[in-house]
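The values are calculated or read from the model by the stated rules, or taken from the named source; none is laboratory data. Every value quoted in this text rests on a predicted model; they were computed, and no experiment measured them. Every residue, glycine among them, receives a Cβ derived from its backbone with ideal geometry; neighbour counts consider all protein chains shown.
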Amino acid sequence: MSNKTILLIDDELNVRELVELCLTDLGGWNVVIPNSLVEGFQQALFNHPDAIVMDLSMHCMDYFKFMNQLRNNPETQAIPVVLLSAAARWLEPDFLQQYAISGVILKPFNPLTLSDRISQILGWHSLPISQL
């Protein structure tokens, strides 16, 4: 099992629960779930996660504020971010580069391959599902 810690930010409870199960059961990772973006930033500072997996609501300016805080703080600026979002298909490459987004996984996603997709995006090695 890996000792990686993922900060998971998604405002949809059902999606959050599904992603948490995928990442803990199939990925073997620790998952931290904040109750808000403000708490998410505090958790990023406190837990120093190996990655942040987050939805990005294009209608909520708080997400952009969160990304600015994350990238402008020396303690959090290097944390890789993977977007897990239906809205991400409309993002411009400049946006992804500006916020140093490591990769994008579009919703709907395959729960069985989610941890492997995240591992591939981040360059982590993971066991095939059949070996877990």
What about Thr113, is it of a type in the set (Ser, Thr, Tyr), on the phi < 0 side of the Ramachandran plot and not in a loop (DSSP other than H, G, I, E, B)? yes
Quick check on my filter: what residues within segment 16-67 are of a type in the set (D, E, K, R) and either out of contact with any strand residue (DSSP E or B) (no Cβ under 9 Å at 6 or more places or on another chain) or over 16 Å from Ile118 (Cα atoms) (or both)? Glu17, Asp25, Glu39, Asp62, Lys65
Looking at (1) among the hydrophobic types (A, V, I, L, M, F, W, C); (2) within 16 Å of the chain's Cα centre (by Cα); (3) more than 19 Å from Asn14 (Cβ to Cβ); (4) modelled with pLDDT under 90, which is the only condition Met67 fails? (4)
Condition first: within 23 Å of Trp124 (Cα to Cα), surrounded by 13 or more Cβ atoms within 10 Å (Cβ to Cβ) and in contact with a Ser or Thr (Cβ under 7 Å, 6 or more places away or on another chain). Can you find one or more residues in segment 85-92 that meet it? no
So which residues in segment 16-38 are of a type in the set (D, E, K, R) and exposed (fewer than 15 other Cβ atoms within 10 Å of the Cβ)? Glu17, Asp25
Which number in (1) within 13 Å of the chain's Cα centre (by Cα); (2) within 19 Å of Leu106 (Cα to Cα); (3) free of Cβ contacts under 8 Å to residues at least 40 places away in the same chain marks the one condition that Val19 misses? (3)
Ala51 being out of contact with any Phe, Trp or Tyr (no Cβ under 8 Å at 6 or more places or on another chain), surrounded by 15 or more Cβ atoms within 10 Å (Cβ to Cβ) and more than 27 Å from His125 (Cβ to Cβ): no
Taking segment 98-110 and the residues there that are of a type outside the set (Gly, Ala, Ser) and part of a loop (DSSP other than H, G, I, E, B), the one that is nearest to Phe64 (Cα to Cα) would be Tyr99
Number of the condition not met by Thr24 [criteria: (1) in a helix (DSSP H, G or I); (2) of a type in the set (Val, Ile, Thr); (3) farther than 18 Å from Thr5 by Cα]: (3)
Quick check on my filter: what residues within segment 36-80 are of a type outside the set (S, T, N, Q), assigned to a loop (DSSP other than H, G, I, E, B), closer than 22 Å to Ile105 by Cβ and touching a helix residue (DSSP H, G or I) at 6+ places or on another chain (Cβ under 9 Å)? Pro49, Asp50, Asp55, Leu56, Met58, His59, Cys60, Ile79, Pro80
